[in-house]
Amino acid sequence: MDNLTPEQRRKNMQHIRSTGTVAEKLLMDELRQRGITFSSYDKTVMGKPDLVFSEQKVVVFVDSDFWHGNPVRFVRPKTNVEYWDKKIANNKKRDHKVNRELKKQNWTVIRIWEYDIKHNLDNCVKHVLAKLESII
């Protein structure tokens with residue numbers, strides 16, 4: 001059973017960021033420190049990627065372990081299980097659809113888990129840089 005009232009839960013959920021998360025900021029700051037330029041949250045690109053490298057046609061999505069259902073880190077809430085299973089499954093389907101459509105448009109899609117950024121930022125940055133360099 002949820003220990004918050006429906007109103008408290010609603011307010012709590014409203015304060016969850018969809019952009020500007022800690023993981024996104026860490027990755028963006030590190031890339032900027034290395035002199036890498038990109039745009040962020042470009043609404044003209046399907047899926048509104050977190051980072052967009054237009055010249056190379058590379059997009060980066062920083063996926064939340066919870067909202068995108070990290071197979072290693074996702075912890076299903078104990079209440080309203082059916083709702084959460086459906087919600088996360090739909091998010092995963094949407095991610096796959098976005099990946100497919102962007103690839104059809106010749107974009108290279110990179111998805112990085114928030115946990116990986118928070119715990120191994122250097123490897124995540126190297127992964128992005130390697131993709132960018134392989135396209136040049």
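The values are calculated or read from the model by the stated rules, or taken from the named source; none is laboratory data. Because the structure is a prediction, the values reported are computed rather than measured. All Cβ positions, glycine included, derive from the backbone under ideal geometry; neighbour counts span all protein chains shown. Ligands, DNA and RNA are stripped out before the accessible areas are found, and what is left, the full protein with its side chains, is counted by its heavy atoms. Shrake-Rupley method; radii C 1.70, N 1.55, O 1.52, S 1.80 Å.
With axes computed from alpha carbons, what is the tilt in degrees of helix 81-104 against the longest principal axis of the chain, rounded to the nearest 10 within 0 to 90?
The angle comes out near 20 degrees.
Quick one: pull the percent of accessible area on the chain belonging to carbon and sulfur, 1.4 Å probe, ligands and nucleic acids left out. Write out the running numbers ahead of the final one.
On the way: 4520 of 9030 Å².
C and S fraction of accessible area: 50 percent.
Restricting to DSSP H runs of at least four residues, report the calculated mean residue ellipticity at 222 nm for the chain, -39500 (n - 2.57) per run over all residues, nearest 500 deg cm²/dmol. Let's see the in-between values first.
On the way: 5 runs with 66 residues, N = 136.
Calculated at 222 nm, the ellipticity per residue is -15500 deg cm²/dmol.
In degrees from 0 to 90, rounded to the nearest 10, what is the angle of the helix 121-135 Cα long axis to the longest principal axis of the chain?
50 degrees
Between Asn80 and Glu30, with labels modelled 7 Å along Cα→Cβ, what's the label distance in nm to one decimal, could you check?
Placing both labels 7 Å beyond Cα along the Cβ direction yields 3.3 nm.
Where the centre of each part is set by its Cα atoms, how far does region 78-136 sit from region 48-69, in angstrom?
Region 78-136 and region 48-69 have Cα centres separated by 6 Å.
Only four residue types carry charge here, +1 at the Cβ of Lys and Arg and -1 at the Cβ of Asp and Glu. Report the dipole size of the chain about the Cα centre in Debye, rounded to the nearest 20.
That gives the chain a dipole magnitude of about 460 debye.
Give the long-range amide H neighbours of Val58: residues separated by 5 or more places, or on another chain, with amide H under 5 Å away, using H modelled in the peptide plane at 1.01 Å from N.
Phe53, Thr108
Would you mind getting the accessible area per residue of the chain, heavy atoms of the protein chains only, 1.4 Å probe, in Å²?
Numbers: 9030 Å² over 136 residues.
Heavy-atom accessible area per residue stands at 66 Å².
For region 34-40, take each phi angle, set θ = phi - 60°, evaluate the Karplus expression 6.51 cos²θ - 1.76 cosθ + 1.60, and give the result in whole Hz per residue in order, putting x for glycine and proline.
8, x, 8, 9, 6, 9, 10
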